[in-house]
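Note sheet for the following structure.
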Amino acid sequence: MSKKRFHLGWFTNFGVDEWNAQFHSDGMPWDGDFYVDMAKQLERACFDFLMLEDTLMLSDVYQHSTEAYLKWAIMAPKHDPAPLAALIGSATKNLGVIATLSTMAYPPFLLARLCATLDHIAHGRFGWNIVTSGEDLAAQNFGMDKLPPRELRYEMADEYVELVNQLFGSWDEDAVVRDYETDTYADFTKVRPINFKGKYFSSRGPLNTVRCPQGKPTYLQAGGSPRGRAFAGKHADSIIAVANGVEGMKAYRDDVRAKAVEAGRNPDDIKVLFLIAPTIGETSEEARAKHERLLHSDLFLKRALALYGSFTEVDFSPFNLDEPLPYKLTTNGEQGSLDKFMQWGSNKTLRQLTIEGGNSASLELVGTPDEVADKMGEAMEAVGGDGFLITSPSNRINRKYLIEITEGLVPALQKRGLTRTAYTRTLLKDTLREF
Ligand SMILES: Cc1cc2nc3c(=O)[nH]c(=O)nc-3n(C[C@H](O)[C@H](O)[C@H](O)COP(=O)(O)O)c2cc1C
């Protein structure tokens, strides 16, 4: 029996490349070339998409200071993903490109217009990662004192997505006629206002951009709370997820699929991709040694705690590294990521939790390309399918790591019939639904 194939995506941001390690680039990727090169390499390896995460603040959570974030370039500096998505879209032919855009920051009309434009530039391969933002620091950059609570954020986001869906639909598929005889570019009867008046958002419409090649962009989402998963089950084409091990991954995927059915959708139309950060070596021993070196360095611990601080808004610096966390932590930010990290009830020390969870990976994958490919195949078989979203350990990216994945791991996966060896569809939405 032939094996069920799964999808691969890549998770990064328009941030600093690894600039001061043994194998490094120059730390100045700001014209986008570094990431365009990366996209071309991912396309050669037949990834479904490159996803650009984004946040809208400079964190000062860890030790109540911006020092760690700027000194170690953690989630900062970070440039806007939308222009980079345009560059990548026009430099590639098959790879999807996803940009994160926050419903807190963009008026719906502006977001729909931007997404429609990007979907054209990418010839139907653009995706929007729908986020509501998860930090009071981000809210304060937009004139608010605090973020609305999670439930309200999702309620607002539901209405927001309904509005932009209507804007995307405000142009009929055949509105552009380009009829030389009648000197008609677009048929005005096929472009209509939406007159949307909601509880939180209103817009008259129609969009003044041409309808997207995909009708509307591919939607990604990452909310891990029950409300977040319900939102994703209703709207998302793909979900970027973190979970603890194969059991956690299976439970997560089963739950999202059930929520999709509740929302009246075919669960196969939602691809749940789990975040992983494999460590690859030419021998098992080499990979293990590399992994241990990374995890047990003092800098790894501090960087990981500062990073977790930035998206959970929890300052971990006062806690003793060699004791369990004294109480269960909660956040109005990424509760799902915090829960995964805390492993509440396990009695593990903060040091152990950071070593196990500091890479945000759903599975520990350390070994030769063949060993890691086998493990990924087994995990997917147990989980039921969909795929993985690869990111670099410690959120630091250099070209060597990219090559280890695209020219080491991916060929091993392809040899086993586990991932695609060619693109057969034009639109990102269809690429994701191919299997
Ligand atoms: C893997 C992953 C990636 C995420 N990427 C982003 C991002 O780029 N920007 C952002 O504002 N939030 C991001 N989030 C946060 C989610 O969009 C969501 O706001 C957060 O998980 C809180 O929702 P929840 O309580 O439903 O989990 C990410 C979350 C996860 C798990």
Margin query: If a residue must be touching a residue at least 24 places away in the same chain (Cβ under 8 Å) and part of a helix (DSSP H, G or I), how many such residues does region 323-356 contain?
Written below: 12
Margin query: Here's a check for you: in region 92-133, which residue that is assigned to a strand (DSSP E or B) and of a type in the set (Gly, Ala, Ser) is farthest from Glu155 (Cα to Cα)?
Written below: Gly96
Next item on the list: Scan region 224-280 residue by residue and report those that are more than 11 Å from the ligand (Cβ to nearest atom), over 30 Å from Glu371 (Cβ atoms) and among the polar types (S, T, N, Q).
Entry: Asn266
Item checked: Count of residues meeting criterion [small (Gly, Ala, Ser) and closer than 30 Å to Thr132 by Cβ] in region 269-314 -> 5
Item checked: All positions within region 134-144 that are assigned to a helix (DSSP H, G or I) and more than 8 Å from the ligand (Cβ to nearest atom) -> Asp136, Leu137, Ala139, Gln140
Check: Among the residues of region 381-410 satisfying the criterion of being of a type in the set (A, V, I, L, M) and over 19 Å from the mean Cα position of the chain (by Cα), which is farthest from the ligand (Cβ to nearest atom)?
Finding: Ile403
Next item on the list: Restrict the check to region 31-44 and report whether at least one residue is at positive phi and crowded, with 20+ Cβ neighbours inside 10 Å.
Entry: no
Item checked: Leading residue by the ranking (surrounded by the fewest Cβ atoms within 10 Å (Cβ to Cβ)) among those in region 299-340 that are within 16 Å of the ligand (Cβ to nearest atom) and of a type in the set (Ser, Thr, Tyr) -> Thr330
Note to self: Here's a check for you: in region 94-117, which residue that is farther than 17 Å from Val161 by Cβ and touching a Phe, Trp or Tyr at 6+ places or on another chain (Cβ under 8 Å) is nearest to the ligand (Cβ to nearest atom)?
What the structure shows: Val97
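Just give me the residues in region 22-67 being aliphatic (A, V, I, L, M), in contact with a helix residue (DSSP H, G or I) (Cβ under 7 Å, 6 or more places away or on another chain) and under 21 Å from Arg420 (Cβ atoms), in sequence order.
If the condition is that a residue be aliphatic (A, V, I, L, M), in contact with a helix residue (DSSP H, G or I) (Cβ under 7 Å, 6 or more places away or on another chain) and under 21 Å from Arg420 (Cβ atoms), then Met38, Ala39, Leu42, Ala45, Leu50 are the ones that fit.
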Checklist line | Any chance Thr354 is of a type in the set (Val, Ile, Thr) and surrounded by fewer than 19 Cβ atoms within 10 Å (Cβ to Cβ) | finding: no
Checklist line | Among the residues listed as Val131, Val161, the single one being modelled with pLDDT of 95 or more, touching a His at 6+ places or on another chain (Cβ under 9 Å) and within 16 Å of the ligand (Cβ to nearest atom) | finding: Val161
Notebook entry, point to check: How many residues does region 51-86 hold that are more than 13 Å from the ligand (Cβ to nearest atom), of a type in the set (A, V, I, L, M) and either within 21 Å of Glu404 (Cβ to Cβ) or in a loop (DSSP other than H, G, I, E, B) (or both)?
Noted result: 5
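Consider Ser362 carefully, then state whether it is under 23 Å from Ala306 (Cβ atoms), away from the ligand (no atom under 16 Å from the Cβ) and out of contact with any Cys (no Cβ under 8 Å at 6 or more places or on another chain). Talk me through it step by step, then tell me what you get.
Details: under 23 Å from Ala306 (Cβ atoms): yes; away from the ligand (no atom under 16 Å from the Cβ): no; out of contact with any Cys (no Cβ under 8 Å at 6 or more places or on another chain): yes.
For Ser362, the condition - under 23 Å from Ala306 (Cβ atoms), away from the ligand (no atom under 16 Å from the Cβ) and out of contact with any Cys (no Cβ under 8 Å at 6 or more places or on another chain) - is not met.
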Next item on the list: Report the residue count in region 178-193 for those that are surrounded by 18 or more Cβ atoms within 10 Å (Cβ to Cβ) and either in contact with a helix residue (DSSP H, G or I) (Cβ under 8 Å, 6 or more places away or on another chain) or more than 19 Å from Leu114 (Cβ to Cβ) (or both).
Entry: 0
Margin query: Name the single residue that is nearest to Asn395 (Cα to Cα) among those in region 1-15 being more than 16 Å from the ligand (Cβ to nearest atom) and either basic (Lys, Arg) or surrounded by 19 or more Cβ atoms within 10 Å (Cβ to Cβ) (or both).
Written below: Phe6
Next item on the list: Working only within region 242-255, note down all residues that are at pLDDT below 95 and either touching a His at 6+ places or on another chain (Cβ under 9 Å) or surrounded by 20 or more Cβ atoms within 10 Å (Cβ to Cβ) (or both).
Entry: Val242, Ala243
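The values are calculated or read from the model by the stated rules, or taken from the named source; none is laboratory data. Since this is a predicted model, take the numbers as computed values, not measurements. Positions of Cβ are generated from backbone atoms using ideal geometry, with glycine treated the same way; all protein chains shown enter the neighbour counts.
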